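The values are calculated or read from the model by the stated rules, or taken from the named source; none is laboratory data. Predicted model, so just to flag it, every value in this text is computed and none were measured. Counting neighbours? That spans all protein chains shown, and the Cβs are built from the backbone with ideal geometry, glycine included.
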C-alpha cells in the first residue's frame, strides 16, 4: 500500500475500505483514538483519489488546536479591514482546499455556533469571507476525524445531529495500535529509516526491544511508538536499541497479561475487544499520570509528549478525575 503500512488484518480491512471510498466524492468520518493514524488514512484516501504525484491540495485543520475566536476566520478567510487586526485579505481553508481535499481534524471539538455555519457551507457549496458579500463556489472532498463518540455528543447536545449525518456518509474506524499488533514492528522499522539521516544510520532493534514493543499496550498509539523509537535511537548502544532505551514498561506482569501479543489468535482478540479497550484506557490514564509527575504538572510539556493539544489534555484529565484518578506531584 505504497508508503502506508498495513500488515495486521485490522489495518488491511481499514485501508481496503478507504480504497473503496476514495473512488467516490462523498464525506468520510474517520474515528479512532488520538495518535492512531486517522490523518494517515485521510492522506491515503486523497492520494488514491488524485494520485500520489498530484498537485491537488490536501488541507488539514485541527479544530481543537485553534482558539474558538480564530477558528471561523481560519476556515472562512477574511477581507482586509473585516475586523481589528485584519490588515490583509486572507483566503480560508475552504478556499485553499477547493478542487482538492479538506480534512477537519478533531471536529468533535468544534463550537456549536460554528457547526451551524459549517453545515450551511456543506449544503450550499459556497462560502463568503468575513467582511465580504461575494460568494465563492466550492468543490472539495470532505473528510472529518474525531476521537470522540459523536453519537454520544449528539445525545448530549454538544454536536448537531444534522451535521453528524452530513459528515458521516461513510464512517471509517481506525483501530488502536494495540488492536493491530502486526503493524508494530513494520512501523518501528519505518521510523528507524525515517530518522536514519538525522539521528544515526545502521541502528537496529535488539530482540528484547522487539519483544517489549510487541507486549506494550501503546496508550499513545502510533505517535507514542514513533517517540519511543526516536528515544531508542538516541540511546542506542553500539548501534543496537535495547528494551531499556525505549522508555516504556518492560517485563511487568501488568503490561504482558492485558496486552495482545503477536501470537494472540484473532478470534480471541475480537472476543475480548471491549475488555482490551478498557485496559487500554486505564493504561493511558496511568501513562498520563506518570507524565504529570515527571513534568510537575506542566500541561504544555505533557501535551507535546503525548502529541495532543492542551485542550485535548484537559478533556483526558477531566475523564481521569471522573474515574477517580487524581494526580499528586
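Things to note:
- Per-region count, segment 119-161, residues farther than 21 Å from residue 315 by Cβ, touching a residue at least 12 places away in the same chain (Cβ under 8 Å) and surrounded by 12 or more Cβ atoms within 10 Å (Cβ to Cβ): 17
- Members of segment 133-154 found to be out of contact with any helix residue (DSSP H, G or I) (no Cβ under 9 Å at 6 or more places or on another chain) and farther than 28 Å from residue 220 by Cβ, listed by number: 133, 134, 137, 139
- Pairs, first free of Cβ contacts under 8 Å to residues at least 40 places away in the same chain in segment 63-75, second surrounded by 15 or more Cβ atoms within 10 Å (Cβ to Cβ) and assigned to a loop (DSSP other than H, G, I, E, B), C-beta under 7 Å, six or more apart: 74/66; 74/92
- Segment 73-88, subset crowded, with 19+ Cβ neighbours inside 10 Å and closer than 26 Å to residue 25 by Cβ, residue farthest from the chain's Cα centre (by Cα): 77
- Scope segment 44-68; condition over 15 Å from residue 140 (Cβ atoms) and either outside any loop (DSSP other than H, G, I, E, B) or not assigned by TED's automatic domain parsing to the domain that holds residue 101 (or both); matching residues: 44, 47, 48, 62, 68
- Meets criteria (out of contact with any helix residue (DSSP H, G or I) (no Cβ under 6 Å at 6 or more places or on another chain), under 25 Å from residue 220 (Cβ atoms) and surrounded by fewer than 17 Cβ atoms within 10 Å (Cβ to Cβ)) for residue 12: yes
- Residue 171 being assigned by TED's automatic domain parsing to the domain that holds residue 14 and more than 14 Å from residue 231 (Cα to Cα): yes
- Against the test of being more than 25 Å from residue 23 (Cβ to Cβ) and under 21 Å from the mean Cα position of the chain (by Cα), the options 148, 117 yield a single qualifying residue, 148.
- Taken together, 50, 58 contain a single residue that is modelled with pLDDT of 95 or more and either within 25 Å of residue 310 (Cα to Cα) or surrounded by 14 or more Cβ atoms within 10 Å (Cβ to Cβ) (or both), which is 58.
- Restricting segment 1-23 to residues that are assigned to a loop (DSSP other than H, G, I, E, B) and without any contact (Cβ under 8 Å) to a residue 60 or more places away in the chain, the residue that is farthest from residue 176 (Cα to Cα) is 23.
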